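Peer 1: Here you go, one structure.
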Amino acid sequence: MKTTDLLIVGGGPAGLAAAIAARRKGLQVTLVEPVRPPVDKACGEGLMPDGLSALARLGVRLESGDGVPFRGIRFLGHGATVEGRFPNGRGMGIRRTVLHSLLREHAEAEGAVLRWGSRITAMEEGHAVVGCEPIAFRYLLGADGASSTVRRWAGLDRQSYKGSRLGFRQQYRIVPWTDCVEVYWGPQCQLYITPIAADCICVALLTRRTDLRLDQGLKFFPEVAARLECASRMGVMRGASSAFRRLDRVVKENIALVGDASGSVDAITGEGMCLSFRQAAAFADALSKDQLEEYQEAHSRIRSAPDRMAWLLLKMDRSGLVCRRALRALSKRPELFNSLLALHVSEPSTAVLAGAMCSLGWSLLTA
């Protein structure tokens, strides 16, 4: 029987980041993924500055040719426009397949064994069967997404659930007209524009409406629709659910979860990738000390600020009145938007973030 220190189920960005982090701690790593690379998925294809920093701490540094830098976030809607710049560094728009290929190359270079096109056909305590081959492991990590098989097998499914929305992504061949990620606020939906190449943008729609798709959603944003009228589509449109879930626990004995398998914030925050990378590093730190409970504590800490930001942004999504007042207040006080953005891409204390939200709340009342 083959043996490994760590068996990772799932070869998306979260699983690959965990493989890199664990190998850098000197652990043997075997990763199993049924899909062959590059693994694609509907997403906004933008990495915030904190996501790039988290990658750099794993030894993965993106080059300028890998994507397109962006300098901030711009909100548009209800007759208001507000823009905030990142205080330190820039984000990067990068195609999901490009990011996946880069992470795969780094994981291979670190010495991880990557079993693409392979499935776990049986699981027992301490070993799994990959295809027809048994593999014994010391630790098991579920990085297999929102419908995680590892999570169900380990009995870690107990969770608090705060709603799900739909997300759709389409790439267009057009020269980017913005050096920010633009977020257009419409009725029960948001449209994201992210530059991802010199001649390409990513257009993503998030919505609570089950009957709305990207083509129909564009009618709420005529300015964007007019720009895209002569642009050609690239590839196929992809869709996925965007959920706000928090698990009671992400660790059980020698089993842990990372990425969407460990819960998720709504994609409206743009922090999904960063959370996965930070969780991967925290997991590897705990694993190297054989103290997985430390990962449980770190996971809760890592989720704290993004959860609060998701709560605020989803309030704007659910209420047209709140959205109008918030955009009006932020356009009158752009320094407040810059402060909130700075907190969003850092690791603020609960008190600092609560203070900024209270300031926004007061601005809403007086808008």
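Peer 1: Just give me the residues in the range 259-306 being more than 18 Å from Met48 (Cβ to Cβ) and under 13 Å from the mean Cα position of the chain (by Cα), in sequence order.
Peer 2: Within the range 259-306, Ala261, Ser262, Gly263 qualify.
Conditions tested, residue by residue: (1) more than 25 Å from Tyr172 (Cβ to Cβ); (2) within 18 Å of the chain's Cα centre (by Cα); (3) small (Gly, Ala, Ser).
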| residue | (1), (2), (3) |
| --- | --- |
| Thr30 | yes, no, no |
| Cys43 | no, yes, no |
| Ala54 | yes, yes, yes |
| Gly65 | no, no, yes |
| Arg71 | no, no, no |
| Leu76 | no, no, no |
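Peer 1: Yes or no: the range 132-152 includes at least one residue that is without any contact (Cβ under 8 Å) to a residue 24 or more places away in the chain and surrounded by 14 or more Cβ atoms within 10 Å (Cβ to Cβ). Break it down stepwise before answering.
Peer 2: Going residue by residue through the range 132-152, those that are without any contact (Cβ under 8 Å) to a residue 24 or more places away in the chain are 132, 147, 152.
Subsequent filtering for residues that are surrounded by 14 or more Cβ atoms within 10 Å (Cβ to Cβ) retains none.
No, the range 132-152 contains no residue that is without any contact (Cβ under 8 Å) to a residue 24 or more places away in the chain and surrounded by 14 or more Cβ atoms within 10 Å (Cβ to Cβ).
Peer 1: For residues that are not in a helix (DSSP H, G or I) and not polar (S, T, N, Q), tally how many sit in the range 281-329. First the steps, then the outcome.
Peer 2: Let us first name the residues in the range 281-329 that are not in a helix (DSSP H, G or I), namely 289-291, 319.
Next cut, not polar (S, T, N, Q) only: 289-290.
So the answer is 2.
Peer 1: Turning to a different aspect of this structure: Sort out which residues of the range 78-111 are within 17 Å of the chain's Cα centre (by Cα) and aliphatic (A, V, I, L, M), and write them in order of number.
Peer 2: Result: Met92, Ile94, Val98, Leu99, Leu102, Leu103.
Peer 1: How many of the residues in the range 277-301 are more than 18 Å from Tyr139 (Cβ to Cβ) and either of a type in the set (D, E, K, R) or crowded, with 21+ Cβ neighbours inside 10 Å (or both)? Full working, then the answer.
Peer 2: So in the range 277-301, the residues more than 18 Å from Tyr139 (Cβ to Cβ) come out as 277-278, 300-301.
When the remaining residues are screened for being either of a type in the set (D, E, K, R) or crowded, with 21+ Cβ neighbours inside 10 Å (or both), the result is 277-278, 301.
The number of residues fulfilling the criteria is 3.
Peer 1: Within the range 158-204, which residues are part of a loop (DSSP other than H, G, I, E, B) and either touching a residue at least 60 places away in the same chain (Cβ under 8 Å) or not acidic (Asp, Glu) (or both)? It would help to see each step written out before you state the result.
Peer 2: Initially, the range 158-204 is screened for residues part of a loop (DSSP other than H, G, I, E, B), giving 158, 174-180, 187-188, 198-199.
Matches in the range 158-204: Arg158, Ile174, Val175, Pro176, Trp177, Thr178, Asp179, Cys180, Pro187, Gln188, Ala198.
Peer 1: A further question follows. Would you please list the contacts, defined by Cβ atoms under 9 Å and residues six or more apart or on different chains, that run from a residue in the range 15-35 that is assigned by TED's automatic domain parsing to the domain that holds Leu58 and within 18 Å of Glu105 (Cβ to Cβ) to a residue that is among the hydroxyl-bearing types (Ser, Thr, Tyr) and crowded, with 24+ Cβ neighbours inside 10 Å?
Peer 2: Gly15/Ser276; Ala17/Ser276; Ala18/Ser276
Peer 1: Output the qualifying pairs, or none if there are none: Cβ atoms under 7 angstrom, residues six or more apart or on different chains, first residue in the range 304-321 and without any contact (Cβ under 8 Å) to a residue 24 or more places away in the chain and within 14 Å of Arg165 (Cα to Cα), second residue surrounded by fewer than 19 Cβ atoms within 10 Å (Cβ to Cβ) and of a type in the set (Val, Ile, Thr).
Peer 2: Lys315/Val322
Peer 1: Does Ser242 fit the bill of being assigned to a helix (DSSP H, G or I) and either touching a Gly at 6+ places or on another chain (Cβ under 8 Å) or among the basic types (Lys, Arg) (or both)? Before you say what the answer is, go through the steps one by one.
Peer 2: Working: assigned to a helix (DSSP H, G or I): no; either touching a Gly at 6+ places or on another chain (Cβ under 8 Å) or among the basic types (Lys, Arg) (or both): yes.
So Ser242 fails the test.
Peer 1: If I ask for residues that are under 19 Å from Ile196 (Cβ atoms) and outside any helix (DSSP H, G or I), which ones from the range 245-276 would you list?
Peer 2: Gly270, Glu271
Peer 1: Regarding the range 185-197, can at least one residue be identified that is touching a strand residue (DSSP E or B) at 6+ places or on another chain (Cβ under 7 Å) and surrounded by fewer than 15 Cβ atoms within 10 Å (Cβ to Cβ)?
Peer 2: The first filter runs over the range 185-197 and keeps only residues touching a strand residue (DSSP E or B) at 6+ places or on another chain (Cβ under 7 Å), leaving 185-186, 188-197.
When the remaining residues are screened for being surrounded by fewer than 15 Cβ atoms within 10 Å (Cβ to Cβ), the result is none.
The answer is no; no qualifying residue exists.
Peer 1: I've got another one for you. Which condition from (1) surrounded by 17 or more Cβ atoms within 10 Å (Cβ to Cβ); (2) in contact (Cβ under 8 Å) with a residue 60 or more places away in the chain is the one that Pro87 breaks?
Peer 2: Every condition holds for Pro87 apart from (1).
The values are calculated or read from the model by the stated rules, or taken from the named source; none is laboratory data. None of the values given here were measured: they were computed from a predicted structure. Here the Cβ is made from the backbone with ideal geometry for all residues, glycine too, and neighbour counts use every protein chain on show.
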